[in-house]
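Have a look at the structure below before the remarks.
The values are calculated or read from the model by the stated rules, or taken from the named source; none is laboratory data. Not measured: the values here are computed from a predicted model. Here the Cβ positions follow ideal geometry from the backbone for every residue, glycine too, while neighbour counts run over all protein chains shown.
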Amino acid sequence: MDTELSFFQKLRNKLSVHRENNPGIFVFIFIIVINIAMIAFSSGLLLLLPENAGRTFPEMMRFAFTLMVNPSGRYQYSDYPISLIITTVVVLLGMISLTGGTVGFVTNIITNVLVKSASSHRKLRLKKHIVILNYNHKVPSIIYDYCFDDMKNTYIVILSNKDENEVRHQIDNLFRAHQANKKFKNIIIRKGSPFSQLDLDRIGLKDARTILLMKSDSEENETVQNNTKNSEFNVFKLFMFVNSYLGKNVTENMPCVIPEVSDKQSEKLIREYPFTAGNYCFPVNINELLGKIMAVTAVMPSLCDVLLHLIGFEGVEFYLKDIPESLSIADELKLQDSAMPILDIENKRLYISENETLIKNYVKQ
């Protein structure tokens, strides 16, 4: 599965995130662009005047700005009827675009449009981002691990019924604690239902590279207090819903789906379920994984650094690539100099490498 972002994809992701989280900046930029466009249009009109024959466009821009800001300024008016009409139009354009009251009025209109658009949750234009469905106390730590290696090019969308400000506050607190007050900015938090097809459309689920299916906070508390299986069943229901949603439009680069499970029965149920939305579904028992890590480090404390390097997204990562034709893992081990093939998963081969581009494509002769 290709996880590399092109320059234009990175730029589009950045703009999408900043537009979602900072609509005021886009209002300011839009006002500046409108004013520049009006001055340029006015300059073109002034070039049509007979008395301005032979003058350059930059000169006309200066004259246009003078007329728009101060109609009684130094610009020399003419008795030609067309000159009177055009200069009047330029003055009116200046009154519309540069008058403080008009700018405030237009700014207020655009701000209201953006706020309403944000509240209606317009569709995101993101590619190869990470989607987290539901929210619990584990999510900030998972986000931190994802961003450990490449914070600038990691884009995350959270969809849950949790309050957006509360979620962002918890994530920012974690980053401040570990990154010397540095905030993670490439994140969009939306309040909605993971079981809503409309909400999934709006967060660009089909264009994601990884989808995490988490338990909600209420389900976590329910499991701790009542020891029920409802939370596991809800994750399985969400898994089936996402599988059905993605299966309607199967593409070459399908997202990797990672459901959170807490017992062997739920893990077995998901592994045996016919996953039609691609070949990438890996249920993870987070509690069991943490228990094993704690047990190993308690017996052998010196392994802490090794485990941190293995699971902390620092240095090397795992990548899935197509299996080279007629080339076994043993044969490829002798050929790869910057990557290591580990195992084959159906029609894909798992590699360890510092960067996906270092994995060379070989064909056995």
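With the structure loaded, tell me whether residue 145 is of a type outside the set (Lys, Arg) and within 12 Å of residue 212 (Cβ to Cβ) or whether it fails that test.
It is true that residue 145 is of a type outside the set (Lys, Arg) and within 12 Å of residue 212 (Cβ to Cβ).
Scan the stretch 334-365 for residues that are loosely packed, with under 12 Cβ neighbours inside 10 Å and part of a helix (DSSP H, G or I) and report the count.
1
Looking only at residues in the stretch 319-333 that are in a helix (DSSP H, G or I) and not hydrophobic (A, V, I, L, M, F, W, C), which one is nearest to residue 281 (Cα to Cα)?
Kept after step one, since they are in a helix (DSSP H, G or I), are these residues of the stretch 319-333: 329-333.
Next, only the ones that are not hydrophobic (A, V, I, L, M, F, W, C) stay: 331-332.
Working: 331: 28, 332: 25 Å.
Going through the qualifying residues, I end up with 332.
Where residues in the stretch 133-191 are at pLDDT 85 or above and of a type in the set (Asp, Glu), which of them is farthest from residue 238 (Cα to Cα)?
172
A quick yes/no check of all residues on (1) modelled with pLDDT under 75; (2) not β-branched (Val, Ile, Thr):
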site: 8; (1), (2): no, yes
site: 11; (1), (2): no, yes
site: 27; (1), (2): yes, no
site: 30; (1), (2): yes, yes
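Restricting to the stretch 244-269, name every residue that is within 22 Å of residue 319 (Cα to Cα) and in contact (Cβ under 8 Å) with a residue 12 or more places away in the chain.
The answer is 246, 250, 251, 253, 254, 255, 256, 257, 258, 259, 260.
Take the residues in the stretch 250-280 that are within 21 Å of the chain's Cα centre (by Cα) and closer than 22 Å to residue 193 by Cα; name whichever of them is surrounded by the most Cβ atoms within 10 Å (Cβ to Cβ).
So the residue we want is 259.
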